[in-house]
Structure formats: C-alpha cells, structure tokens
Amino acid sequence: MKESTHKLMTLDFWRICISNFLLYSAVWTLLPILPAQCYLMGMNTQEMVTSFLLFVSGMIGVGPLHAFLGDVFKRKNVLMLSTLATALCFGGWLMVTESWQVMLLMLLAGVFFGIATTAGITIGIDITLSNRRGMGNRMYAFSGAVGLLIGLRCLSPFYLMIDFSSLVIFSLVLFFLSLVFEAGVYVAFRAPVGVGLFNIDRFFLPLAWVPAVNVCLLSFGIGMLLNLLPPYAWVGTLLLVVLTFVTAPLTKLFVKLSHHCQRGTANTTLQLATQTGLILGVMEGERIVNNLLFGCITILLAVLMFGTVTWSYFKQKRVRP
C-alpha cells in the first residue's frame, strides 16, 4: 500500500469501502422498483419472476469463475470492468422494450454484479494487513450493507416523485462515483498461482452452508416485509436496519468457519446468502397477499434455526479461535 502500513484506516481502505457503499447503493436504488417497471412494460408476473431469478442465477452461476478471474487478471481491472458492465446493464433499462431483453439484461447484471462484489472483497482483504483483516472484513461488509439500506429505503422511494428514467440516471451517477473511488485504490501486483478455470474458492465455503441457509432465510423474510404498505411499512425498514448492523458479527462468524486463505470465500458466501434472500423475498412479496404474516413466520423460523441449529453447528465446526 502507498499509505501507512501500520494501521487499518489507510486512504486505500477508505476508498474501497466507499466504492463498495456506492456500488450497493446504485444497484439497490433500482432493483426494488424494477418489478413495477416490468408491469408497466406489459410483462406478466411469470416474466417478472423469471427476470429476477435470472439475476440471482447470474450472481451464483458466475461464482466458480471468481478465483480464475482474480488469478489471471489484475484484480483492480476485474473490479472496475465488472462495475462498469453492471452499470451498462442497468442503464440498458432506458432502451429495452421486449421481455426477452429485460431477462437478458437481468442475467448479465447478476453476473457482473457478482463479479464486482467478489473482486471488491478480495481487494479489500489484499490491501489490509493480515493482523487487521478481521476488523477490515467487518467494516467492508458493513459499508455494503449500509449502501444497500440507503439505496433501498432512502433512494428507491424517489421513484414515486420522479420518472423512472431520472432514477436510472441517478443510479448511473452512483456507479460512476464508485468507479472513481475504485480507480484511486492502489493494489500491489500478485503473481498468478495457477488455479483452474472452475473453482469454489472465492465463491462458496462448504463449512458455512448451515449459517448461509439461515441468513438466506432471514433475508428472505425481511425482503417480503419490505413490500408492506402503510401503516406497516416501517416493519420491513426496521428489520433491514437490524440486518445491516448484524452484518459485521455475521461476517466474523462466517470467517471463523474458514481455513487459511478462505477469508474471501467466507465473505462472498455471506454476501450471496444475504443478497439472494433479499431479492427472492422482494420478488415473492410482489405476489403474496399476506406479506406481514408470511414474512414474520419466515423470520421467526430463521431466529429459531439460529438458536437451535446454527449456533451449535458453529461451535462444533469453527476452525479459527
């Protein structure tokens, strides 16, 4: 790192956290209002659901390539190009007119967003001293969670006051600012280690599958409640705030289930579980009438699972002190 190497809060670390915050804000400013836009374009419910499933499939499907991309290409270039590609996919909403075009955009957006988030996690770890990476992981994850919260609950509602095109342009501005901060991060050269084309490294941590299911279930329930209308709309917002602030301890839990050099994989697993649960929850919330009941039941099941299964599993399987 160009700045001081004896502390965590270097300029590079601040830049990568701010870029992460802006990236999540940009994506989640648009994601929640895309179902409404689908309906306005004449798409039916099944087509809308398929579009969101393709976004999730893109995020997950590209996972086995993360390690290869980060090994063969400069990680900063992977981050910046995938961020730019994600922005172009969301900007494409200004031009699409057919349902198949929407589905293609959502698939590609999921792929590039998945690459960008994982590349950012990897760089955040690379530019942090080994003895400060625990704190660095938690702060970086928190920056993304705050960006998601701001985009979803503070920026996305502007859709009710301005037209869709203006909101897309605003999101693109956030993407551009994220790129500006990414460009300012110095990442030292690392020689390739020769990983294979497909690898679960930087993608999914098998030892963390139980907490991943638990987090996905919790996020799913919260996503459903985000569709509530007044006077209950505050419920989803409050729980999303809670999820934001438990991101840091959840990051610590996932990392403690990882072996040496699996820290990035643990972070990506948590991110995928959270994002997948929220997106599927928001999507299902568009179709289920009694969101409050089903959402609360799902969250209750997630809490019970953590207390009766996940915590016990964690204490038995943890590999870090």
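The values are calculated or read from the model by the stated rules, or taken from the named source; none is laboratory data. The model shown is predicted, which means the values in this text are computed figures rather than measured ones. Counting neighbours? That spans all protein chains shown, and the Cβs are built from the backbone with ideal geometry, glycine included. Accessible surface areas use protein heavy atoms only, side chains included; no ligands, DNA or RNA. Shrake-Rupley method; radii C 1.70, N 1.55, O 1.52, S 1.80 Å.
Summary table below
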{"read-out": "Test for Gly114: is it touching a residue at least 24 places away in the same chain (Cβ under 8 Å) and in contact with a Phe, Trp or Tyr (Cβ under 6 Å, 6 or more places away or on another chain)", "value": "no"}
{"read-out": "Considering residues of the stretch 154-165 that are out of contact with any helix residue (DSSP H, G or I) (no Cβ under 8 Å at 6 or more places or on another chain) and assigned to a helix (DSSP H, G or I) only, the residue farthest from Ala26 (Cα to Cα)", "value": "Leu160"}
{"read-out": "Filter result for the condition that a residue is more than 30 Å from Asp71 (Cα to Cα) and in contact (Cβ under 8 Å) with a residue 24 or more places away in the chain, over Val241, Val210, Val215, Val195", "value": "Val241"}
{"read-out": "Total residues in the stretch 180-191, condition open to solvent by less than 60 Å² (accessible area, probe 1.4 Å) and not in a loop (DSSP other than H, G, I, E, B)", "value": "2"}
{"read-out": "Members of the stretch 260-317 found to be among the small types (Gly, Ala, Ser) and at pLDDT below 95, listed by number", "value": "Gly264, Gly281, Gly285, Gly295"}
{"read-out": "Sole exception among (1) open to solvent by 10 Å² or more (accessible area, probe 1.4 Å); (2) without any contact (Cβ under 8 Å) to a residue 60 or more places away in the chain for Gly58, by number", "value": "(1)"}
